[in-house]
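One structure is given here, and the rest of the page talks about it.
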Amino acid sequence: MILEQIGRSSDVKRLPREQLPELCNEIRRKILETVTKNGGHLGSSMGVVELTVALHRVYDFPTDRLFLDTGHQCYPHKLLTGRFEQFHTLRQKGGISGFPNKDESEYDLMTSGHAGTAISMALGACLGDALAGEKRKSIAVVGDASVVSGMSLEALNSAGHQDRDLLIILNDNEQSIGRTVGALSRVLSKVRMSKLYASARHAVEKLEELVAKIPRIGGRVEKGVHDLAEHLRHVIAPGKILNELGFRYFGVFDGHDLDGMVEVLDAMRSQPGMKLLHVLTVKGKGVKGCEEDPLALHGAKPGDSFTLECDAACKVDKVDVPAPAAAAKKPAAKVEFARVFADTIVREAEGDPRVCAITAGMPDGTGLRGFSERFPERFFNVGIAEQHGVAFASGLTIGGRRPVCAIYSTFLQRGYDQVFQEVALQRNPVALVMSHGGLAGDDGQTHHGLFDIAFLRAIPGIALMSPRDGAELEAMVRFALRHDGPTAIRYPKAATTAPGRALPPIELGRGEVLQEGDEVALVGYGPMSETALEAAALLQAAGVSCTVVNARFARPLDGPLMKRLLAEHRLVATIEEGTLQGGFGSALLEFATAQETVHARVRCLGVPDRFVVHGTRAELLQELGLTATGVRDAILEQLRETADVRTAAR
Ligand SMILES: Cc1ncc(C[n+]2csc(CCOP(=O)(O)OP(=O)(O)O)c2C)c(N)n1
């Protein structure tokens, strides 16, 4: 096997040229085999196999610097940079990450996962190297959806002024997660088409010359032909726009033509200055049916079945992935939080024509696909442009709309300033709905939504909520759409009890007492309320009586209820799936310090002050002690410590 001989990037250079196509086949087989078992970003990685091999063939990594935008297309790069042996552990706890990770390899210059960052990083590296007098090449590989994100455009704008040696490779597959959207993506498709127009233009120019030679009628006809030629020139112009930005634009090249890629990259390597190389690829290339349904390949689930085109032997049969033990026991009425949101928002929009929905390039992940089909005129996919999406939602409220802006918790970080200024400061009734609030599982560090409670809690006037289950999510969406001010709802990437139980309407800043006890109060935020209930049952068995509260709101906090809990219990413990620094527990601590007398100790359970790597959500919750047994153990330990302190004081 050729791949086995590739321990480092430079080994790709040593291979005989005729082995490269087979190397590509082996890479595709390995990726397919692994993703079928572990899940992962199949389509994006399959689409850059030839491009990645060519890059490693031509450049000297890690002396030269490679930045893969977002990083979800990094599997071929990992296989060529010493991670073949560990590749079967992709995205598994303790295994290699599904994204570039600087702790994993010297070939990964940054730990990434958010889109639109590669050009800025590559430009910075390039200028940093120049200042240090180092002669290295910097390369950014960016997808056609990520290149039109705000940060990429800012970086292009900034890069164009620099007289430095940077190569940006635009990997254009016409796909984001689903089709790329927006006016700039239309510009790109015009560039793509320009090859066709180039020959048409040539024909028109010839015709112009001919007509000009015809006496008398020549003038009018000539003008008509000239206008047509002008029109065609405008169609070709987008390639020029990039030149005008200060880049030398090279395109369009077939990204699957291995020899062509090696040749063109060789040429790029010796060209000084800012260069933009436009390559066309097919998302999922090599997988049968990839062109019909690239979306199915973007994020493949364990157990998905695909067949490779390269030869019959490449067929990877459906693997039986054992269902996790907990999942096997799940009662049938479990449903994803995202599904509940998807259904609720459609129902709400049916009853209220003011309801609009916004996504930043993720109609499926956020559960807005159904809404987009049912209410296309009220649905806005702004592309990977979270900051614009949030401000745009606020603008819609000025037009009397009730917008729901659905963005994963981690990606809302891109729109933080807009939540502050365009939304909260204006008191505009935007409902932010954050999926993946908490541990995002195998996508890892960049995708966990651990900071939203802390960063949103700092902003005056915003109501922060998290539902305990499906019924409460429905009620919170209804509340948010009627509340006179900004709101944010966060829920995890997880299943919950399906809606169905009767629930009185949500009241601003009111929590819910789930069970009364007299020794310890467990206060859960969101689905951690369920964990609190289970922990209370375990504590009861250990002789500790617990009150259990579902906080519902992290802001405003339910003051009267918290006051009572602090007065009537020895210990009040908060439980949240988020960072402890400034999170829900901090809110209770701040509240407690403002009280005149507090008898209870406060203990905050949540995610400690570090970045959490990948693993399944269940594995990570276990590791962080955010399970019923973890909570029970922490409480018993705390009670013992407090008792020891009291005994010592006597
Ligand atoms: C800031 C941010 N928003 C959203 C996402 C989710 N996301 C991951 S990949 C992707 C599409 C990327 O498309 P493109 O850049 O064209 O690369 P392709 O997958 O087509 O190769 C999106 C929206 C993200 N990673 N980062």
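Between region 32-66 and region 468-514, the C-alpha centres lie 42 angstrom from each other. Farthest towards the positive end of the charge dipole of the chain, among the residues 535, 548, 346, is the Cα of 346, using unit charges on the Cβ of Lys, Arg, Asp and Glu.
Report relative contact order for region 415-559 in percent, whole number only (criteria: Cα-Cα under 8 Å, sequence separation at least 6).
On the way: 282 pairs, mean separation 37.5, N = 145.
About 26 percent, as a whole number.
About its Cα centre, the dipole of the chain is roughly 820 debye, where the only charges are +1 on Lys and Arg Cβ and -1 on Asp and Glu Cβ.
Put simply, when 25-34, 79-88 are sorted by average Cβ atoms within 10 angstrom per residue, most first, you get 25-34, 79-88.
Inter-part distance, region 358-433 to region 577-605, computed on C-alpha centroids, equals 31 Å.
In whole percent, what relative contact order does region 500-599 give with Cα contacts below 8 Å and a gap of six or more residues?
Rounded, it is 32 percent for region 500-599.
Taken one residue at a time, the phi angles of region 80-88 give Karplus couplings (6.51, -1.76, 1.60, θ = phi - 60°) of 9, 10, x, 10, 4, 4, 8, 4, 5 Hz. Gly and Pro are set to x.
Distant-in-sequence amide contacts of residue 254, defined by a placed amide H-H separation under 5 Å and a gap of 5 or more residues or a different chain, comprise 280.
Under 20 °C and 1.002 mPa s, how fast does region 385-424 diffuse according to Stokes-Einstein, given a Kirkwood radius computed over C-alpha pairs? Answer in µm²/s, whole number. Working shown, then result.
Values: Rh = 9.9 Å.
So the translational diffusion coefficient is about 215 µm²/s.
Region 609-625 and region 116-163 have Cα centres separated by 33 Å. Does region 533-650 come out rounded, prolate or oblate, given a ≥ b ≥ c as the square roots of the eigenvalues of its C-alpha gyration tensor, rounded meaning a/c under 1.5 and, failing that, prolate meaning a/b above b/c? Note, shape of region 533-650 comes out oblate. In order along region 147-163, the Karplus-derived 3J(HN,Hα) couplings, from 6.51 cos²θ - 1.76 cosθ + 1.60 at θ = phi - 60°, round to 6, 9, 6, x, 5, 4, 5, 4, 5, 4, 4, 6, 5, x, 7, 8, 9 Hz, and Gly and Pro are given as x.
At a Förster radius of 35 Å, what calculated FRET efficiency corresponds to the Cβ-Cβ distance of residue 597 and residue 622, to the nearest 0.05? Working shown, then result.
Numbers: r = 38 Å, r/R0 = 1.07.
It comes out at approximately 0.40.
Phi angles of region 624-640 translate, via the Karplus equation with coefficients 6.51, -1.76, 1.60 and θ = phi - 60°, into HN-Hα couplings of 8, x, 9, 10, 4, 5, x, 5, 4, 4, 5, 5, 4, 5, 5, 5, 4 Hz per residue; Gly and Pro are given as x.
When the helices of the chain are scored as -39500 (n - 2.57) per DSSP H run of n ≥ 4 and the total is divided over every residue, the value at 222 nm lands at -12500 deg cm²/dmol.
Under 5 Å from the amide H of residue 97 lie the amide H atoms of 91, each residue being 5 or more positions distant or on a separate chain, with H modelled from the backbone and absent for Pro and chain starts. Solvent-free Debye calculation, one equal scatterer per alpha-carbon of region 1-125: log10 I(q)/I(0) at 0.10, 0.11, 0.18 Å⁻¹ equals -0.27, -0.33, -0.93.
Each semi-axis of the equivalent ellipsoid for the chain is √(5λ) with λ an eigenvalue of the Cα gyration tensor; in descending order they amount to 50, 30, 22 Å. Per-residue packing, averaged as other Cβ atoms within 10 Å, sorts the ranges 156-166, 473-483 into the order 473-483, 156-166, beginning with the highest.
Ordered by packing density, taken as the mean number of other Cβ atoms within 10 Å over each peptide's residues, highest first, how do 128-137, 52-61 rank? Before the final figure, lay out the partial values.
Values: 128-137: 12.7, 52-61: 23.1.
Answer by packing, highest mean first, reads 52-61, 128-137.
Close amide H partners of residue 448, meaning residues 5 or more places away or on another chain with modelled amide H under 5 Å apart, are 440.
DSSP beta bridges fully contained in the chain are about 20 percent antiparallel. Determine the shape class of region 416-461: with a ≥ b ≥ c the square roots of the Cα gyration tensor eigenvalues, call it rounded for a/c under 1.5, and otherwise prolate if a/b is greater than b/c, oblate otherwise. Prolate shape, in that a/c is at least 1.5 and a/b is the bigger ratio. FRET efficiency for the pair residue 293 and residue 22, taken as 1/(1 + (r/R0)^6) with r the Cβ-Cβ distance and R0 = 35 Å, rounds to 0.80. What net charge do the residues around residue 419 carry, taking every other residue with its C-beta under 12 Å from that of residue 419, with Lys and Arg at +1 and Asp and Glu at -1? Local charge sum for residue 419: -2. Sites listed here are trypsin sites (Lys or Arg not before Pro) in region 277-313 whose DSSP assignment is loop and whose Cβ has at most 15 other Cβ atoms within 10 Å: 288.
Any read-out appearing in this document is the output of simple, stated calculations on the displayed coordinates, not a laboratory observation. Keep in mind that what you see is a predicted model, and the values were worked out from it rather than measured. Glycine gets a Cβ as well: all are built from the backbone with ideal geometry, and neighbour counts include every protein chain shown.
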